[in-house]
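In what follows, a structure is listed as structure tokens, so that the remarks can point back to it.
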Amino acid sequence: MFLFPISHSIAETASIPKPSDAPLRLELLTNPKESIVTANTIRLQGLTIPSLWLAKEITENKLLDNWIAYPATEQEPARVDLIVNQQIWSLLDYLERYDFVNRLGSTARKDNYNLRVFNYQGNMLATYTCNFGNKPAACNIQMNFQFKL
């Protein structure tokens, strides 16, 4: 699998951490742990972070199928793994995929989450990774060209 960074300068990407290499854990969609948030998680008090429901319902209802959000740990910053419909993803051209990753990555960034995009086979399709120590956060998008039509 090849993920290629898209950024304006090498100096920018040097300060941005690499995307997490943790495997996608699809079993958490049906059996989430207490600190894990999915598209099916409902909190009775307050907003559930990250707040991707509006993006799913308004613009990404057919493409964005589900997500798994992991809280920050000592080893890794918080991240959200999106699971997309591979059939719809394959119909998008490069710019449409980039736009999708950028819009949802920007939404996740507001809650200090990095973002990875997967299909149900566990293939990483794209990432949106930020250095939240910078103000504003410095971010980098990487797209997997293996799945490009």
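Number of residues in region 86-97 that are open to solvent by 70 Å² or more (accessible area, probe 1.4 Å) and over 15 Å from Asn123 (Cα atoms): the value is 4.
If you scan region 112-127, which residues turn out to be within 12 Å of the chain's Cα centre (by Cα) and more than 11 Å from Leu82 (Cα to Cα)?
Answer for region 112-127, where residues must be within 12 Å of the chain's Cα centre (by Cα) and more than 11 Å from Leu82 (Cα to Cα): Asn112, Tyr113.
Among the residues of region 1-33, those identified as at pLDDT below 80 and in a helix (DSSP H, G or I) are Ile10, Ala11, Glu12, Thr13, Ala14. Residue pairs whose Cβ atoms lie under 8 Å apart, sitting 6 or more positions apart in sequence or on different chains, and linking a residue in region 78-96 that is in contact (Cβ under 8 Å) with a residue 12 or more places away in the chain to a partner that is charged (D, E, K, R) and in a helix (DSSP H, G or I), are Trp89/Arg97. Between Val101, Val80, the distinction of being open to solvent by less than 30 Å² (accessible area, probe 1.4 Å) and assigned to a strand (DSSP E or B) belongs to Val80 only.
Of the residues in region 75-91, not one is in contact with a Ser or Thr (Cβ under 9 Å, 6 or more places away or on another chain) and of a type in the set (Gly, Ala, Ser).
Restricting attention to region 106-136, the residues that are under 14 Å from Arg79 (Cβ atoms), of a type outside the set (S, T, N, Q) and open to solvent by less than 30 Å² (accessible area, probe 1.4 Å) total 10.
Just so you know, in region 61-77 the residues that are farther than 20 Å from Thr129 by Cβ and assigned to a loop (DSSP other than H, G, I, E, B) include one that is least open to solvent (accessible area, probe 1.4 Å), and it is Leu63.
The values are calculated or read from the model by the stated rules, or taken from the named source; none is laboratory data. Note that this is a predicted model, so its numbers are computed, not measured. Neighbour counts run over all protein chains shown; Cβ positions are idealised from the backbone, glycine included. Calculation scope for accessible area: heavy atoms of the full protein, side chains included, ligands and nucleic acids excluded. Shrake-Rupley method; radii C 1.70, N 1.55, O 1.52, S 1.80 Å.
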